[in-house]
Amino acid sequence: MNEVFEALAHPVRREILKLLRKRAMSAGELAEHFTIAKPTLSGHFTVLKNAGLVTTERQGTTIIYRLNMSVMEEALAAFMALAGSKGKER
């Protein structure tokens, strides 16, 4: 779960996830939404993939990214559990 929260900590990665909520997209389509270097963006994709937040599918030379909702739901549940337990201690 730490990897998930670390991945969500960066605004570029959060924006990638926001875009993928609408539909699956190729790396090139995602890159069109950012003004950062492609190698830097690729690093963000790797962090999201390693955290399980996105899945990939190769179609020829193109990589398609999809949001992994089950991991997002688990992260939200974990966050809510943390927030709920902290609120009860007060």
Roughly speaking, to the nearest percent, how much of the stretch 36-78's 1.4 Å accessible area is carbon and sulfur? 56 percent
Residue 83-residue 58 pseudo-label distance in nm [points 7 Å out on the Cα-to-Cβ vector]: 4.0 nm
The chain - accessible surface per residue (Å², probe 1.4 Å): 68 Å²
Checking 67, 76, 48 against a Gaussian network model of the chain (alpha-carbon springs below 10 Å), the top fluctuating residue turns out to be 76
Subtracting the Cα-Cα distance of residue 74 and residue 1 from 0.36 nm times their residue separation yields 25.4 nm
Considering lysine pairs in the chain that are 8 or more places apart or on different chains, how many have Cα atoms under 24 Å apart? 5
Using the Karplus curve 6.51 cos²θ - 1.76 cosθ + 1.60 with θ = phi - 60°, what ³J(HN,Hα) values do you get for each residue of the stretch 61-68, in whole Hz, with x for Gly and Pro? 9, 9, 9, 9, 9, 10, 6, 9
If you compute Rg and Dmax of the Cα atoms in Å for the structure shown, which of [x] 21.8, 65; [y] 12.8, 40; [z] 14.7, 55 do you land on? [z]
In the chain, whole DSSP H helices that both stretch 20 Å or further along their axis by alpha carbon positions and average at least 0.5 on the Kyte-Doolittle scale are none
What percent do you get for the relative contact order of the chain when only Cα pairs under 8 Å and 6+ apart count? 32 percent
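The values are calculated or read from the model by the stated rules, or taken from the named source; none is laboratory data. Note that this is a predicted model, so its numbers are computed, not measured. Every residue, glycine among them, receives a Cβ derived from its backbone with ideal geometry; neighbour counts consider all protein chains shown. We work out accessible area using only protein heavy atoms, side chains counted, and drop any ligands, DNA or RNA first. Shrake-Rupley method; radii C 1.70, N 1.55, O 1.52, S 1.80 Å.
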